[in-house]
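The values are calculated or read from the model by the stated rules, or taken from the named source; none is laboratory data. Source: prediction; values computed, not measured. Quick reminder, even Gly has a Cβ in these numbers, built from the backbone with ideal geometry, and neighbours come from all protein chains shown.
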C-alpha cells in the first residue's frame with residue numbers, strides 16, 4: 001500500500017529531526033501535517049492539520065518535490081475514520097453532561113471556539129460550559145431553558161456559520 005510505505009519512509013526521514021509532525025488515518029490512506037498557526041494575530045496559536053501527499057518515487061537527497069501540501073482557506077472535512085461523530089447528552093440536575101467523540105472514541109474539546117453544543121428546539125446557545133473535573137472529554141453544560149429536549153453538536157465554518165454534525169435526545173441520569 002503506497003500510503004503505508006510512504007508513511008514509513010517519511011518517519012525514517014524525520015528521525016533525524018527528533019520530532020514526528022505527521023499523523024495518518026487509522027486505515028493509513030491519508031497523511032496529515034500537524035502545525036501551529038493563528039488565523040488572527042489577536043488570538044493565540046491553534047493546532048491545525050493539513051492534508052499532505054508523499055510521492056515516494058520523488059524522494060532523494062535534496063529533492064524538493066516529494067511532499068505536496070493541500071492548503072486551502074476553505075472548510076475541509078474531518079479525516080476519514082473519524083465518522084460518525086457521536087454525541088452523548090444526559091441531564092444531571094440542572095446541568096447537562098455532554099461528551100462529543102469520534103468513531104474511535106477520541107473526545108472533542110467543547111471549550112475550543114470552533115465547537116459548540118446548542119439546545120433544541122430553538123437553537124438555544126449554552127450559557128456556560130466547563131470540563132468535568134477528572135473526566136477527560138466530559139463537559140457540564142448550562143442551557144438555562146428547561147424546554148430543551150435535545151442537543152446538537154455544531155462546528156464553525158470558515159464563513160462564520162455553524163454546521164450541525166450530530167444530534168441527540170437528552171437522557172435522564174443521576175450522579
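Points worth noting:
- Residues in region 93-124 that are in a loop (DSSP other than H, G, I, E, B) and within 15 Å of residue 143 (Cβ to Cβ): 93, 94, 110, 121, 122, 123.
- For residue 62, the stated conditions hold: it is surrounded by fewer than 13 Cβ atoms within 10 Å (Cβ to Cβ) and either within 13 Å of residue 167 (Cα to Cα) or not assigned by TED's automatic domain parsing to the domain that holds residue 167 (or both).
- Looking across 117, 92, 158, one residue alone is touching a residue at least 40 places away in the same chain (Cβ under 8 Å) and closer than 28 Å to residue 23 by Cα. It is 158.
- Here 95, 68, 157 are screened, and the one residue that is at pLDDT 80 or above and either under 30 Å from residue 31 (Cα atoms) or surrounded by fewer than 13 Cβ atoms within 10 Å (Cβ to Cβ) (or both) is 157.
- Residue 151 being in contact (Cβ under 8 Å) with a residue 60 or more places away in the chain, within 24 Å of residue 25 (Cα to Cα), part of a strand (DSSP E or B) and touching a strand residue (DSSP E or B) at 6+ places or on another chain (Cβ under 7 Å): no
- Residues located in region 130-148, provided they are free of Cβ contacts under 8 Å to residues at least 24 places away in the same chain and either in a strand (DSSP E or B) or surrounded by 12 or more Cβ atoms within 10 Å (Cβ to Cβ) (or both): 130, 131, 135, 144
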